[in-house]
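For reference, the structure is listed below as structure tokens.
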Amino acid sequence: MQKLKRLLMLALALSLLVGTMSLAAAEDLGDKPQLKFLVSHRTFDPNEDLAVKYMRELSGYDVVFEMLPQDNGDEKLMLELSAGTDFDIIELGTTMFGRLTDLGVLAPLDDALAKYGATLLAAEPKVLWDAAKNAAGEIVALPRQVGAPDYGHAKGTRGDGALYTKPEILEELKLEVPKTLDEFTAFLQAIKDAKGVAPLTLDRGTWMVWDIMTAFNLPHITWIEDENGMENILEKPAYREYIRYMASLYEKGLLDPDYPVNTGENRDQKFTTDGAYVGQYAFWQIPSLITGLTASNLSTDLVPFREPLADADGKYVLVNRYGVNKYYAVPRSSKNVDHVINYFDILARPENFMITHIGYEGVHYTVDENGDYWPIFPAFNDLNWANQFSSLQPVAVEYKQWQARARKTPEMAVAYDAVGDTLPNATFQIDRSSLCNSLPDVQANVQALNTLLYDFTLQAIVENKTTDKDFDDFTARYMAEGGQATKDAMNQWVAENSFDF
Amino acid sequence: MKRKTRGEVFFIAFSTVSMILFAIITLLPFMNVIAKSVSSEGAVLTGQVNFWPVGFQLGTFRYVLDTVEFTNGLKVSVIVTIVGTIGAMFLTTTVAYPLSKPTMVGRKFFLLMFVFVMLFSGGMVPNYMLYRSLGLTNTILALIFPGMCSVFNILLVKTFYEDLPESVEESSRIDGASNFRTLISVVIPMSMPVIATVGLFYAVGYWNSYFAGVLYITRPALKPLQQYLYELVQASQVSPDANTITTDMTQYMNTSPESVRAATIFLATAPILAVYPFLQRYFVKGINIGSVKG
């Protein structure tokens, strides 16, 4: 304990030292101007947000947020830029970042980063800074990392979609949560025989059921990277098996007959009544089911599949996304490059980052004896959106703190913790494909290809078009319509950016 | 009174039934939205709510009215609708009046100009550039100006003016009234039906206008209500895509429940809906006048 305390003191002293050092550097910047920050669409007004108020206080900059519309946001951004925008910071998705980099409208940040961005540079690994460079090798944006190769635990990856079932049916039919594919089929069949409805419900957008794909040793991503480079999921024979299995469920009436037209609301309606018994949910969707379950007099203690279905070797593969989820860039027209970097650097310092991310300890959150972060209500509600415009921070630190957000309600906390911190039989698939999103060939094709694959998969499941010829024909079409170009570009990138698996 | 033939009876019955059916079809979705907005979240989620509230509550309305984005949008939309409609009516009535007079010098030329811009416009991007160079983007004027002068409405009012009896205007001139006086005291009071109609067009147009906000506004506090509403409903329809890394969980964690969305839709529709009954009588009158004159 004593040792820990000493370590903490040391860390504090160090951070203070770094803080004063960069303050000294910042002095020659002169008066802090107002910074105009253009962000993509949100349903709330960032200017009114508590976290943004903290950002203003801590940084000393008057940041004013403006927002793109939800539809045609990219076109609107191009319009703003072509009209000679006066924004100082723009928030960009990976695709837009690639387009604007090619057009050369983003200001190089290297000099400013060298002078004022020590904390920022230390916050992200080199590969991400490389992904923020233009063709000339200049850094033109601040990359915000998502995921990390060293996550090593399942929560961050499995929380987004695990299968859940209801306690009543387990008890009534004396069933156990299945662990393999055969058990799962038998499980669904038993419920169907007893209740006469299709037990598994999905919304039409869900074509990759993560916990089922694991039984085929498939990660739920389109581009799968291994020692040999990137391959499309279509090229994996296991994907055919997965689709055939899903088609068989649909044909046998074990999968919701409304699956191809189901909205999320239809799905929830079935799952919270006696219309269905198994569904795929993210932990943060659970609280919204509680009111429905209560209204139907059903137990609110939903049972998650603690482990995904295992493959023949008893293993299951989980996805660790690793990449950039967005960029902060400065348009060339802005005169405040140094100030922008200074602004983000101040907010990247751990003590500041914490406040803009989850508020003040003891007011908005507490840390329990296990080092887990918990929200305090109702104060934490004011920080619902707090992580939206955060600066950069090593992802492991950010993730740990973020967990306070994942424990927003008791039910959400239970669901979040239940999908498994450590899963003994998990293997991990690192997904770096998003780092390729700025490559021109990827950018040009990614959306059309995703739609193509989605349409095909849904149709194959519903119409049972699963012969080898169906697959071969479609794969050929997919590759011809941009799949091959994407694959080649990605593999070239992989060759240049080797990675130790 | 003449007895109706079988064909007439059939025709009346058929029209009545189909009108009623049509009215119901139009009304039902709205009933559903209202029922959802005042039902408990649990009932909405389990699909028990159709056209009648289940588990009545008004909490969602209170919640929506407390949402700063909603109240901001409402404020913007109300100002835009009132100021815009008044301004538009002023422009339309005063522009249409001289154009309705055959004696006006250069009338043909001006009419041609108006019709030309009705058929051909500069397009979205030049418009945006113009507003930007005038410094109007991100101001409430950018929401008011685009809808302020509709050539179609001007022609509508002009045609109505032309049909007014010339002798009434002559009488006012004999009494010594100026052109402007004649317009205000004689022509406009006689044109109430068309003014009510065009006024309603403008008001509804402004209230429902969504695109000006998308094009000219980036400051969140200046977003019109319809844009907020549209985006709120859209946000709930995007489901997290397993395939994109940009999936930001916080976005999905804060999606508003369906009953809140329903309440927002209702509250955004109610004000303009309330305007109709007051203008209804002018419509009926307008039809009468037309038929008598014919």
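The values are calculated or read from the model by the stated rules, or taken from the named source; none is laboratory data. All values derive from a computational prediction rather than experimental measurement. Don't worry about glycine lacking a Cβ; one is built from the backbone with ideal geometry, like all the others, and counts go over all protein chains shown.
Within the set A:Leu249, A:Leu234, the sole residue that is away from every other protein chain (no Cβ under 14 Å) and not β-branched (Val, Ile, Thr) turns out to be A:Leu249. Of all residues in region B:61-83, those that are within 13 Å of another protein chain (Cβ to nearest Cβ) and exposed (fewer than 15 other Cβ atoms within 10 Å of the Cβ) have Cβ atoms under 6 Å from Cβ atoms of residues that are of a type outside the set (A, V, I, L, M) and assigned to a helix (DSSP H, G or I), 6 or more apart or on another chain, in B:Val68/A:Glu48. The number of residues in region A:309-327 being of a type in the set (Phe, Trp, Tyr) and within 14 Å of another protein chain (Cβ to nearest Cβ) comes to 2.
If you check A:Leu121 against the conditions, is it in a helix (DSSP H, G or I), modelled with pLDDT of 75 or more and either within 30 Å of A:Pro287 (Cα to Cα) or within 14 Å of chain B (Cβ to nearest Cβ) (or both)? Here the answer is no, as A:Leu121 does not meet what is asked.
The rows are residues; the columns are (1) part of a helix (DSSP H, G or I); (2) touching a strand residue (DSSP E or B) at 6+ places or on another chain (Cβ under 6 Å); (3) basic (Lys, Arg); (4) within 27 Å of A:Ala396 (Cα to Cα).
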site: A:Leu289; (1), (2), (3), (4): yes, no, no, no
site: A:Leu293; (1), (2), (3), (4): yes, no, no, no
site: A:Thr300; (1), (2), (3), (4): no, no, no, no
site: A:Arg306; (1), (2), (3), (4): no, no, yes, yes
site: A:Asp313; (1), (2), (3), (4): no, no, no, no
site: A:Leu318; (1), (2), (3), (4): no, yes, no, yes
site: A:Lys335; (1), (2), (3), (4): no, no, yes, no
site: A:Ile355; (1), (2), (3), (4): yes, no, no, yes
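Of the listed requirements (1) farther than 17 Å from A:Glu57 by Cα; (2) in contact with a helix residue (DSSP H, G or I) (Cβ under 9 Å, 6 or more places away or on another chain); (3) modelled with pLDDT of 90 or more, A:Gly371 misses just one: (3). Residue-level analysis places A:Met213 among those that are crowded, with 16+ Cβ neighbours inside 10 Å and closer than 15 Å to A:Tyr316 by Cα. Can you name the residue in region A:252-285 that is polar (S, T, N, Q) and either more than 30 Å from A:Arg405 (Cα to Cα) or assigned to a helix (DSSP H, G or I) (or both) and is also nearest to the other protein chains (Cβ to nearest Cβ) among such residues? Out of the qualifying residues, it is A:Gln269.
Results for (1) touching a strand residue (DSSP E or B) at 6+ places or on another chain (Cβ under 8 Å); (2) at positive phi; (3) hydroxyl-bearing (Ser, Thr, Tyr), shown as yes or no for each residue.
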| residue | (1), (2), (3) |
| --- | --- |
| A:Pro167 | yes, no, no |
| A:Lys174 | no, yes, no |
| A:Lys179 | yes, no, no |
| A:Gln189 | no, no, no |
| A:Val197 | no, no, no |
| A:Leu200 | yes, no, no |
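Go through region B:172-201 and give me each residue that's farther than 24 Å from B:Ala88 by Cβ and surrounded by 13 or more Cβ atoms within 10 Å (Cβ to Cβ). Across region B:172-201, the qualifying residues are B:Ser172, B:Arg173, B:Ala177.
Of all the residues in region A:384-428, those that are outside any helix (DSSP H, G or I) and within 13 Å of chain B (Cβ to nearest Cβ) number 10. Where helices (runs of 4 or more DSSP H) fall entirely within region B:1-105, none has at least 1 residues that are at pLDDT 90 or above, touching a strand residue (DSSP E or B) at 6+ places or on another chain (Cβ under 6 Å) and of a type in the set (Asp, Glu). For region B:104-129, the set of residues classified as among the aliphatic types (A, V, I, L, M) and over 12 Å from B:Leu215 (Cα atoms) consists of B:Met104, B:Val105, B:Leu111, B:Leu112, B:Met113, B:Val115, B:Val117, B:Met118, B:Leu119, listed by residue number.
Residues of region A:169-184 being part of a helix (DSSP H, G or I), over 30 Å from the mean Cα position of the chain (by Cα) and surrounded by 14 or more Cβ atoms within 10 Å (Cβ to Cβ), which ones? Residues satisfying the conditions are A:Ile169, A:Leu170, A:Glu183.
With respect to A:Met490, is the statement that it is out of contact with any Phe, Trp or Tyr (no Cβ under 8 Å at 6 or more places or on another chain), in a helix (DSSP H, G or I) and in the same structural domain as A:Ile243 (by TED's automatic domain parsing) true? No; evaluated as a whole, the condition is false for this residue.
Considering region B:86-110, and only residues there that are within 25 Å of B:Ala203 (Cα to Cα) and aliphatic (A, V, I, L, M), the residue that is surrounded by the fewest Cβ atoms within 10 Å (Cβ to Cβ) turns out to be B:Ile86.
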